[in-house]
Amino acid sequence: MWWATPLPADDAWLALLTPVERTRFDAYRKAEDRDRFLTGRVLARTVLGRRLGIAPADVELDATCPDCGRPHGKPRVPDSDLELSISHAGDRVGLAVSSGTPVGLDVEATTRNSGDDLLRYVLSDAEYTTVAALPEADRADVFFTYWARKEAVMKATGLGLKIPLKSVTLTPPGQQPAVVGSAHDAVQPASTALVDLQCGPGYAAAVAALTPNGLAVTQQWWQSADFRPQS
């Protein structure tokens, strides 16, 4: 696991984008969205390049959607057993990498509004009852913890929000994070591992892996000075 804060859109970092990625970068209307997208790709290429022993610019990332062919799918490294997941919210950009085990990462800003409609969209009936019973001051943090865990699981499957969030039920607050029920075949409680992550106040984050063997996570902060290309 690597964490970074959004990078400025300067030439050194933009040079690491492919033409397809540059088109996606330019399509974002807000500068903060462009910076988060750029940072995710730079983070992936620099970390994977060091792991593979090649230059960041030589790291191939294929984000082709298997359904429509557009470049917005889960990134992968062709001809490699490396699995990765990128997520961002606010001023946090994260990268999870594993070898041979599908992995999913999600980070959520807990300062966002969380009205009743959103709770019912994300939470199963059992989870909704749990959150509704909490003091109002505690609901947002618990809700976004649920959300980050669920999104991490969906991303690990590669299906994302094609799996309804409320079709999966997780353990309640105060217990080890785990899937306890699923109405979708792609999510199996016995072979899904979940770990909560800490990336600073105001954020909830989790990583999931499709494995029955548990999950050990190492977290590091990415420093641009350690990876910046030489001019």
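Descriptive notes on the structure:
- Some residue of the range 96-104 being closer than 17 Å to residue 36 by Cβ and either of a type in the set (Asp, Glu) or surrounded by fewer than 16 Cβ atoms within 10 Å (Cβ to Cβ) (or both): no
- Qualifying residue in the range 92-113 (condition: at pLDDT 95 or above, part of a loop (DSSP other than H, G, I, E, B) and touching a Pro at 6+ places or on another chain (Cβ under 9 Å)): no
- Neighbours by Cβ (under 7 Å, 6+ apart or cross-chain): first from the range 174-188, free of Cβ contacts under 8 Å to residues at least 12 places away in the same chain; second hydroxyl-bearing (Ser, Thr, Tyr) and part of a loop (DSSP other than H, G, I, E, B): 180/171
- Qualifying residue in the range 199-206 (condition: in contact with a Lys or Arg (Cβ under 7 Å, 6 or more places away or on another chain) and at pLDDT 95 or above): yes
- Residue under evaluation residue 74, criteria (1) modelled with pLDDT of 95 or more; (2) open to solvent by 10 Å² or more (accessible area, probe 1.4 Å); (3) not acidic (Asp, Glu), criterion not met: (1)
- Checking the stated criteria, residue 152 turns out to be modelled with pLDDT of 95 or more and of a type in the set (Gly, Ala, Ser).
- Strands (runs of 3 or more DSSP E) wholly inside the range 158-231 that include at least 1 residues being surrounded by fewer than 19 Cβ atoms within 10 Å (Cβ to Cβ): 179-182, 193-197
- Any hit, the range 123-141, residues being part of a helix (DSSP H, G or I), surrounded by 12 or more Cβ atoms within 10 Å (Cβ to Cβ) and touching a residue at least 60 places away in the same chain (Cβ under 8 Å): yes
- The numbered conditions (1) of a type outside the set (A, V, I, L, M, F, W, C); (2) under 16 Å from the mean Cα position of the chain (by Cα); (3) assigned to a strand (DSSP E or B) are all true for residue 151 except (3).
- Residues that are among the hydrophobic types (A, V, I, L, M, F, W, C), open to solvent by 70 Å² or more (accessible area, probe 1.4 Å) and closer than 20 Å to residue 224 by Cα, drawn from the range 11-26: 15
- Exclusive hit being surrounded by fewer than 22 Cβ atoms within 10 Å (Cβ to Cβ) and of a type in the set (Lys, Arg), set 41, 36, 29: 29
- Only one of the numbered conditions (1) open to solvent by 20 Å² or more (accessible area, probe 1.4 Å); (2) more than 12 Å from residue 47 (Cβ to Cβ) is violated by residue 86, and that is (2).
The values are calculated or read from the model by the stated rules, or taken from the named source; none is laboratory data. Just so we're clear, the structure is a prediction, and the values are computed from it rather than from any experiment. Here Cβ is always computed from backbone atoms with ideal geometry, including for glycine, and neighbour counts include all displayed protein chains. Note: accessible area is taken over every heavy atom of the protein model, side chains too, but ligands, DNA and RNA are not part of it. Shrake-Rupley method; radii C 1.70, N 1.55, O 1.52, S 1.80 Å.
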